[in-house]
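A.B. asks: Before we start, here is the structure in question, set down as structure tokens.
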Amino acid sequence: MKAVVKTRLGDGAVEYIEIPKPSLSPGQVLVEVKAAGICGSDIHFYRGRYDAYLNPPVVLGHEFSGTVVELGEGVDGLELGSRVTVETHARVCGKCIFCNTGQYNLCMQRIAFGYGTNGAFTSYVAAPSNRVHELPKNVSFDEGALTEPVAVVHHAIVDRTPLVPGCSVVILGPGPIGLLTLQMVKLMGAGFTVITGLPSDTKRLELAKRMGADLTIDVMSEDAVTKVRRFTREYGADLVFETSGSAQAMRQAIMMVRSGGQITRIGHGAGEMRIDLDPITVRQITIQGTFSHTWKNWEGALQEMASGKISVRDLITHRLPISRWKEAFELMERQESVKIILYPEL
């Protein structure tokens, strides 16, 4: 079968090559990939910016859906032909304090699809059956492939952020995670919502308006901090979600949030950053990180998608065969897309 493989560390080094079809270990199922989403992290892997996480040669891609075509020894609860999506956690230890308390997303031995082990930019994936979720009947394969970013946001907001109905929310970054964060906070009862972006994000900010954002700000043409404070009677926002991974955005978040407010950082990738800690202390600001997701977040995400409360359809701007992966990556790098779905060529 053909696959998009990161062959070595460093910039580039991605090839579309033939690899063996995976065989199953006990407890695994073989999933025939029907649709795979491109995540921003895939571009970072492509460009060598996330080399510390890579285990090359490895098939990229961790957002996907498909059909169960083979059951490994000891698998219960799934049937041949089941329409499914799969968590990013290919392996966890199952024994540590995190695994034993349901926080296996934090397992120090966690290995993830698409960079720790072979992922979804191919035709078949061997997956642990206890990380496989059946798709509701009214959730398509394209939508199912995007369950993962919805689960990320579900964990960040439902599990990690105390959102009081009517509160003011600022979201920094109108990428897929930012746009899904907007939908989720609206669903949870947020009041005034703001989303910020760059001049290259014009179309994404327009989409944010259609999704219900009360205010969008181009941070290069307007003073975003001043504008947020003006619309919040100078207090600042109750909650700020930093989804871009930008160091400058994180500094803005500290200036935008009200005293006693909370910043939840979903984005990552900025590396080291210089931040003045004194405002965090004297204004009693809470800053927290949030990472990945667990079983309940995937089930919650699927329920919200099936009910229509969260929609990923408008995020999908392009659909391409996996053989055109490079074209898709270039669209992502030029920020001419929101989400791209790739289809394997069987």
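The values are calculated or read from the model by the stated rules, or taken from the named source; none is laboratory data. Remember, predicted model here, so these are calculated numbers, not experimental data. Note that we place each Cβ from the backbone using ideal geometry, even for glycine, and neighbour counts take in every protein chain shown.
A.B. asks: Can you tell me which of (1) within 23 Å of Arg49 (Cα to Cα); (2) in contact with a Gly (Cβ under 9 Å, 6 or more places away or on another chain) is the one Val219 doesn't meet?
C.D. replies: Tallying (1) within 23 Å of Arg49 (Cα to Cα); (2) in contact with a Gly (Cβ under 9 Å, 6 or more places away or on another chain), Val219 fails exactly one: (1).
A.B. asks: While we're on this one: Taking region 76-101, which residues are of a type in the set (Val, Ile, Thr) and either in contact with a strand residue (DSSP E or B) (Cβ under 6 Å, 6 or more places away or on another chain) or not in a loop (DSSP other than H, G, I, E, B) (or both)?
C.D. replies: Step one: of region 76-101, the residues of a type in the set (Val, Ile, Thr) are 84-86, 88, 92, 97, 101.
Hits for region 76-101 are Val84, Thr85, Val86, Thr88, Ile97.
A.B. asks: What is the number of the single condition among (1) surrounded by 20 or more Cβ atoms within 10 Å (Cβ to Cβ); (2) under 17 Å from Trp298 (Cβ atoms) that Val33 does not meet?
C.D. replies: (2)
A.B. asks: Do we have any residue at all in region 254-262 that's touching a Phe, Trp or Tyr at 6+ places or on another chain (Cβ under 6 Å) and modelled with pLDDT of 95 or more? Full working, then the answer.
C.D. replies: Of all residues in region 254-262, those touching a Phe, Trp or Tyr at 6+ places or on another chain (Cβ under 6 Å) come to 258.
Pick out the ones that are also modelled with pLDDT of 95 or more and you get 258.
Looking through region 254-262, at least one residue is touching a Phe, Trp or Tyr at 6+ places or on another chain (Cβ under 6 Å) and modelled with pLDDT of 95 or more.
A.B. asks: Let me ask something else. Find the residue count for region 152-170, including only residues that are in contact with a strand residue (DSSP E or B) (Cβ under 6 Å, 6 or more places away or on another chain), assigned to a loop (DSSP other than H, G, I, E, B) and either among the aromatic types (Phe, Trp, Tyr) or over 24 Å from Thr294 (Cβ atoms) (or both).
C.D. replies: Within region 152-170, residues that are in contact with a strand residue (DSSP E or B) (Cβ under 6 Å, 6 or more places away or on another chain), assigned to a loop (DSSP other than H, G, I, E, B) and either among the aromatic types (Phe, Trp, Tyr) or over 24 Å from Thr294 (Cβ atoms) (or both) number 2.
A.B. asks: Further question on the same structure: Out of region 14-39, which residues are of a type in the set (Val, Ile, Thr), in contact with a helix residue (DSSP H, G or I) (Cβ under 7 Å, 6 or more places away or on another chain) and part of a strand (DSSP E or B)? Give the derivation first.
C.D. replies: Our first condition is that a residue be of a type in the set (Val, Ile, Thr); within region 14-39, this holds for 14, 17, 19, 29, 31, 33, 38.
Still in the list and also in contact with a helix residue (DSSP H, G or I) (Cβ under 7 Å, 6 or more places away or on another chain): 14, 29, 38.
Val14, Val29, listed by residue number.
A.B. asks: Further question on the same structure: Scan region 293-341 for residues that are of a type in the set (Gly, Ala, Ser), out of contact with any Asp or Glu (no Cβ under 9 Å at 6 or more places or on another chain) and within 27 Å of Gln262 (Cα to Cα) and jot them down.
C.D. replies: The answer is Gly300, and nothing else.
A.B. asks: In addition: In the set Phe291, Phe329, which member is in a helix (DSSP H, G or I), among the aromatic types (Phe, Trp, Tyr) and in contact (Cβ under 8 Å) with a residue 60 or more places away in the chain?
C.D. replies: Phe329
A.B. asks: Just to check your reading of the model, which residue among Gly72, Gly81, Gly48 is surrounded by fewer than 16 Cβ atoms within 10 Å (Cβ to Cβ) and either of a type in the set (Asp, Glu) or within 19 Å of Val33 (Cβ to Cβ) (or both)? Can you show your working first?
C.D. replies: Values: Gly72 fails: surrounded by fewer than 16 Cβ atoms within 10 Å (Cβ to Cβ); Gly48 fails: either of a type in the set (Asp, Glu) or within 19 Å of Val33 (Cβ to Cβ) (or both).
None of the others qualify; the one that does is Gly81.
A.B. asks: Starting from residues that are in a strand (DSSP E or B), in contact (Cβ under 8 Å) with a residue 60 or more places away in the chain and within 15 Å of Ala35 (Cβ to Cβ), keep the ones in region 102-125 and report whichever is nearest to the chain's Cα centre (by Cα).
C.D. replies: The selected residue is Val125.
A.B. asks: Name every residue in region 206-256 that is in a strand (DSSP E or B) and farther than 11 Å from Leu172 by Cβ, in order of residue number.
C.D. replies: Matches in region 206-256: Leu215, Thr216, Asp218, Asp238, Leu239.
A.B. asks: Return the pair list, or none, for Cβ contacts closer than 8 Å from residues in region 145-171 that are surrounded by fewer than 23 Cβ atoms within 10 Å (Cβ to Cβ) to residues that are assigned to a helix (DSSP H, G or I) and at pLDDT below 95, at least 6 apart or on different chains.
C.D. replies: Listed pairs, sorted by first residue: none to list.
A.B. asks: Name the residue, out of Asp42, Asp11, that is at pLDDT 95 or above and either part of a helix (DSSP H, G or I) or assigned by TED's automatic domain parsing to the domain that holds Gly245 (or both). Quick ask: steps written out before the conclusion?
C.D. replies: Working: Asp11 fails: either part of a helix (DSSP H, G or I) or assigned by TED's automatic domain parsing to the domain that holds Gly245 (or both).
After ruling out the rest, the residue left standing is Asp42.
A.B. asks: Then there's this: Considering only residues that are closer than 12 Å to Leu30 by Cβ and part of a loop (DSSP other than H, G, I, E, B), which ones fall in region 45-75? Full working, then the answer.
C.D. replies: Initially, region 45-75 is screened for residues closer than 12 Å to Leu30 by Cβ, giving 66-72, 75.
Scanning region 45-75 gives Gly72, Val75.
A.B. asks: Filtering region 10-30 down to residues that are touching a residue at least 40 places away in the same chain (Cβ under 8 Å) and among the small types (Gly, Ala, Ser), which residue is surrounded by the most Cβ atoms within 10 Å (Cβ to Cβ)? Talk me through it step by step, then tell me what you get.
C.D. replies: First, pick out the residues of region 10-30 that are touching a residue at least 40 places away in the same chain (Cβ under 8 Å): 10, 13-14, 16, 19, 21-30.
If we keep only those that are among the small types (Gly, Ala, Ser) as well, we get 10, 13, 23, 25, 27.
Numbers: Gly10: 12, Ala13: 17, Ser23: 10, Ser25: 11, Gly27: 15.
Result: Ala13.
A.B. asks: A further question follows. Going by what's in this entry, would Ser246 be described as in contact with a Leu (Cβ under 9 Å, 6 or more places away or on another chain) and over 16 Å from Ala156 (Cβ atoms)?
C.D. replies: Values: in contact with a Leu (Cβ under 9 Å, 6 or more places away or on another chain): yes; over 16 Å from Ala156 (Cβ atoms): yes.
The answer is yes for Ser246.
A.B. asks: Could I ask something else about it? What are the residues in region 67-100 that are more than 23 Å from the chain's Cα centre (by Cα) and β-branched (Val, Ile, Thr), if any?
C.D. replies: Val68, Val69, Val75, Ile97
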